[in-house]
Amino acid sequence: MLQADTAQRPRLNWRHFLVNIVSPVLLTLALCLGLIFAVVIPTMRRNIVERKKEMIRELTQTAWSELAALHEQETAGSLTRAAAQQAASTRVQRLRYGDDGKGYFWITDGEPRMIMHPYRPELNGQALSTYTDPAGKKLFVEFAALVRAQGDGYTDYLWQWNDNEQRVAPKLSYVKGFAPWGWIIGTGIYLDDVHAEVRQVTQRVIQIAVVISIGIAGLLAYIAHQGLQLERRRWQAEMALRASEEKYRLLVEGTTEGVLMTLHDRPVYANQTLLARLGYTETELHDLTLDRIIQPVSADHAKLLSKTGTVSDVLLTTAPVTIGDKTGQILSLKDVTAHKQTEQTVARLLAELQTTLPLTTRPVKAAALSQLACELETPIHKAAAAMARAKVSAILVTTPAGEPVGIVTDRDLRDRVLAVGRSPTQSVATIMSAPLVRIAGHALLFEAARLMQERGLQHLVVTAESGATLGVLAGTEILHAQRHAVGLLLGEIEQAQSPEELKDCGVKLPHLVRSLLDAGTRVEHVTRIMSSVADAVTVRLIGLAEAELGPPPVPYTFVAFGSVARGEQTLATDQDNAIIYADGVEAQPYFLQLGEKVCGWLDQVGYRRCKGETMASNPKWCQPLSRWRQYFTDCVTAANPQDLLDVNIFFDFRCAYGEAGHVTELRQHLQQLLEPGQAVFFFHLAQSTLQFKAPRGFFGNIQLESSGEHPATFNIKSAIIPLVNFVRLYALRHHLAETNTLERLARLRDQGVLVPSSHDELAQAYTALMQLRLTHQGAQVSRGEAPDNYINLAELTQLERSLLKKVFADIAVFQARLETDFARTT
């Protein structure tokens, strides 16, 4: 069989030829076309727009010079101001430009009031402070504000098409102030003209691209011919490769471990041990890809997938190999299912025990110990019955003198009796585990967990200082002790008498988070726990601050914004908070002192100050309820998307302490503001949301930071923000009271806004990103580093990278939907 395989001539691998020879040529063609459409055409489009903008700026400057010349005559005394202004208005009114001679200029003053408009004479002399375009924009007020602020500038709006009153089109104008007379002169271009020119240029570029494509296609035939020659030489190398494979088979057939050889990530050989475990024949194995057999979990562990679907854990070691012109690996796989389960259980217990000081200082002898024992000659079935009655998982085996010499556990009964069909009438001496592993009663539970982890055990014999046996400690007792870790931590926070004590509590939080993640706790539960801890710390600090400052003069609310408000806090989250107090009394000095104390103490405890100063210590965010109502009114009536970029977090808010009615009233006010008719606001909010993009490159790759403090990493937070913003936007539109992202998604699904498949994709994407974020931060804490949001791709497995690419692609799809759903309609 082996000789026949060696002698068989390999068939021409057309897939290899197409992938390695033809595909690069086609990829080059696609890249060329993609470059044209993604870079060249957009660049030309931008250049055309900039050229047009420069043109109207220069034209306006020319018209402005007319005003300056007449002003000089006024200054010289040859003209009165009225005569000079009348002459200037007449001259500018007659000025025209453009191919059709319809380009014009207009003049207003700073009130604003129309001085002269050649196509809208009915506006001459009219006050324009209330004049709006069809979209509701007060364009002339904006002209005046722009000139007052910077002297000149550009703005866009809707206006009639030249002298055609029936047609309204988007327009971009340049305005410049003429200070001596307080006039504003301007002209503009219609964006439809710009788009028409862009289309003409695009057509020319496409024609050129077609010619280039024909040339590249001609090269394809030549490259294919050369590729066939290379393929024939590859056949010869493959013949030599098969002979080499036989040598490797002889070396590994005798081992009891599974051995797999891969070349270019495809299995080419497995020894009989591995084939037996997988259930595949050698021929079937060659038709599989590596991921159908092995799914890596870490650098030295993997999941082994059999033909029947059985999954088993294996210890994985690899060694590089080169055969002929191919590179690959030799993988050695050892079954460690039972060992790994024990290791994970005890490691989880170990991590959980480290989360709170009371548990790590608790002695072993204080735990519940089993003292059940039997003699060496006791039948197995009687010992098992005694264990069942006592509801314990182990029984000590003693000599007639009462000296413990062994132990029988549930696992011993399963593996040494039931699994092998041993008679239950035999004595326990035939199945007991010995020698006993002992631990002193004064040792700590933490030390017991570590010993269990090192030895791969679930039971320890506890001894007194005299050497007498106190009983058996089971791993489940350690697990029971850990269950109240979060409650203990919150209790310590509630009892803290100073910020320093709270800081000690804060040190335990990262370890608690790490243990929860290791134990498989759902991401949303972990973030809620962190937010609850943050709330508890905040409430206690407010209590300490009020004790120093005295009672507050009026009822107030300490408000949480952003991730804490959503219950989505991580280990690298800064402060976002504010104070809302009742109207009627000038109470800001008191609450500013309170805000400064609380925010300063939060920083000491470990919750960093907000770089944007969105904190209760900032006078802007420490205001009465009426002012906060005005803040939200201003947000909803914001003029453009840029105004909403920095206030997105204010739409996620909840009461962390104090008068909850203030938050309820503010949310009701917001919902009233967002009643139907606010399409412009949602359009602007959508546009600001679309400015946040996932770190995804042009070809779908993960985009890394190119400079700054974290080069060659990507910001996982910037990937999550588009998802959170997307869900928030729809939640606001449909008046949802929930602030948590996953809860908002569920409500949107229940109301029919999202179909179940879209809900599932968004929820899975959000959960996957948060899992990566928290895992990364937990690993940093374990290394003694400050947690952040910048992940090095080297930390991720290939599967995690593939998952990220898919998530980023999904985000782009949902953002496209958002752009469609919130398109401007007015």
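The values are calculated or read from the model by the stated rules, or taken from the named source; none is laboratory data. The shown structure was predicted, so the numbers you read here are calculated from the model rather than taken from an experiment. Please note: Cβ atoms are built from the backbone with ideal geometry, for glycine as well, and neighbour counts cover all protein chains shown. For the accessible areas, the whole protein counts, side chains as well, though only heavy atoms, and no ligand, DNA or RNA atoms are used. Shrake-Rupley method; radii C 1.70, N 1.55, O 1.52, S 1.80 Å.
For A737, the conditions (1) within 28 Å of A660 (Cβ to Cβ); (2) not in a loop (DSSP other than H, G, I, E, B) all hold with the exception of (2). For region 417-436, the set of residues classified as out of contact with any strand residue (DSSP E or B) (no Cβ under 6 Å at 6 or more places or on another chain), exposed (fewer than 14 other Cβ atoms within 10 Å of the Cβ) and among the aliphatic types (A, V, I, L, M) consists of L418, A419, V420, listed by residue number.
Determine, yes or no, whether Q672 is at pLDDT below 95, under 30 Å from H734 (Cβ atoms) and in a helix (DSSP H, G or I). Yes, satisfied.
Quick grid of which residues meet (1) part of a loop (DSSP other than H, G, I, E, B); (2) within 57 Å of the chain's Cα centre (by Cα); (3) under 20 Å from L172 (Cβ atoms):
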position	(1), (2), (3)
E74	no, no, no
S78	yes, no, no
Q85	no, no, no
Q93	no, yes, no
D99	yes, yes, yes
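Counting residues in region 736-758 that are over 30 Å from Q668 (Cβ atoms), touching a strand residue (DSSP E or B) at 6+ places or on another chain (Cβ under 7 Å) and open to solvent by 50 Å² or more (accessible area, probe 1.4 Å) gives zero. Does region 33-68 hold any residues that are free of Cβ contacts under 8 Å to residues at least 40 places away in the same chain and over 32 Å from the mean Cα position of the chain (by Cα), and which are they? N47, E50, R51, E54, E58, T62, S65, E66 - these are the residues of region 33-68 that are free of Cβ contacts under 8 Å to residues at least 40 places away in the same chain and over 32 Å from the mean Cα position of the chain (by Cα).
Take V585 and decide whether it is hydrophobic (A, V, I, L, M, F, W, C), out of contact with any Asp or Glu (no Cβ under 8 Å at 6 or more places or on another chain) and not in a helix (DSSP H, G or I). Yes; evaluated as a whole, the condition is true for this residue. Please find, within region 437-451, the residue that is nearest to I395 (Cα to Cα) out of those that are among the aliphatic types (A, V, I, L, M) and open to solvent by less than 40 Å² (accessible area, probe 1.4 Å). For region 437-451, the residue satisfying everything is V437.
One line per residue, one yes/no per condition, for (1) touching a Cys at 6+ places or on another chain (Cβ under 7 Å); (2) in contact (Cβ under 8 Å) with a residue 24 or more places away in the chain; (3) not β-branched (V, I, T):
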residue: F558; (1), (2), (3): no, yes, yes
residue: F561; (1), (2), (3): no, yes, yes
residue: G567; (1), (2), (3): no, yes, yes
residue: I579; (1), (2), (3): yes, yes, no
residue: Q593; (1), (2), (3): no, yes, yes
residue: L602; (1), (2), (3): no, yes, yes
residue: V605; (1), (2), (3): no, yes, no
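Only residues that are open to solvent by less than 50 Å² (accessible area, probe 1.4 Å) and either hydrophobic (A, V, I, L, M, F, W, C) or touching a Cys at 6+ places or on another chain (Cβ under 6 Å) (or both) were counted across region 192-206, and they come to 5.
Flag: A572 matches the condition of being touching a residue at least 12 places away in the same chain (Cβ under 8 Å), aliphatic (A, V, I, L, M) and either assigned to a loop (DSSP other than H, G, I, E, B) or closer than 30 Å to A135 by Cα (or both). For region 452-469, the set of residues classified as open to solvent by 30 Å² or more (accessible area, probe 1.4 Å) and of a type outside the set (A, V, I, L, M, F, W, C) consists of Q453, E454, R455, Q458, H459, E465, S466, G467, T469, listed by residue number. Would you call E761 surrounded by fewer than 20 Cβ atoms within 10 Å (Cβ to Cβ), not in a helix (DSSP H, G or I) and not aromatic (F, W, Y)? For E761, the condition - surrounded by fewer than 20 Cβ atoms within 10 Å (Cβ to Cβ), not in a helix (DSSP H, G or I) and not aromatic (F, W, Y) - is not met. When the residues of region 388-412 are filtered to those that are outside any loop (DSSP other than H, G, I, E, B) and open to solvent by 30 Å² or more (accessible area, probe 1.4 Å), the one that is farthest from L470 (Cα to Cα) is R411. Name the single residue that is farthest from H195 (Cα to Cα) among those in region 153-176 being in contact (Cβ under 8 Å) with a residue 60 or more places away in the chain and in a strand (DSSP E or B). Out of the qualifying residues, it is K176. State whether the residues of region 760-782 include one that is more than 24 Å from L571 (Cβ to Cβ) and acidic (D, E). Yes; the residues of region 760-782 include at least one that is more than 24 Å from L571 (Cβ to Cβ) and acidic (D, E).
The rows are residues; the columns are (1) farther than 17 Å from L369 by Cβ; (2) modelled with pLDDT under 95; (3) more than 54 Å from the chain's Cα centre (by Cα).
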site: S393; (1), (2), (3): no, yes, no
site: V397; (1), (2), (3): no, no, yes
site: P400; (1), (2), (3): yes, yes, yes
site: E403; (1), (2), (3): yes, yes, yes
site: V408; (1), (2), (3): no, no, no
site: R411; (1), (2), (3): yes, yes, no
site: R414; (1), (2), (3): yes, yes, no
site: V420; (1), (2), (3): yes, yes, no
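Being open to solvent by 30 Å² or more (accessible area, probe 1.4 Å), touching a Leu at 6+ places or on another chain (Cβ under 7 Å) and either assigned to a helix (DSSP H, G or I) or free of Cβ contacts under 8 Å to residues at least 24 places away in the same chain (or both) is a description that applies to T775. When each of E675, E665, E709 is tested for being among the acidic types (D, E), surrounded by fewer than 17 Cβ atoms within 10 Å (Cβ to Cβ) and under 24 Å from D574 (Cα atoms), the lone residue that passes is E709.
For region 605-626, the count of residues that are crowded, with 24+ Cβ neighbours inside 10 Å, farther than 27 Å from E500 by Cβ and among the hydroxyl-bearing types (S, T, Y) is zero.
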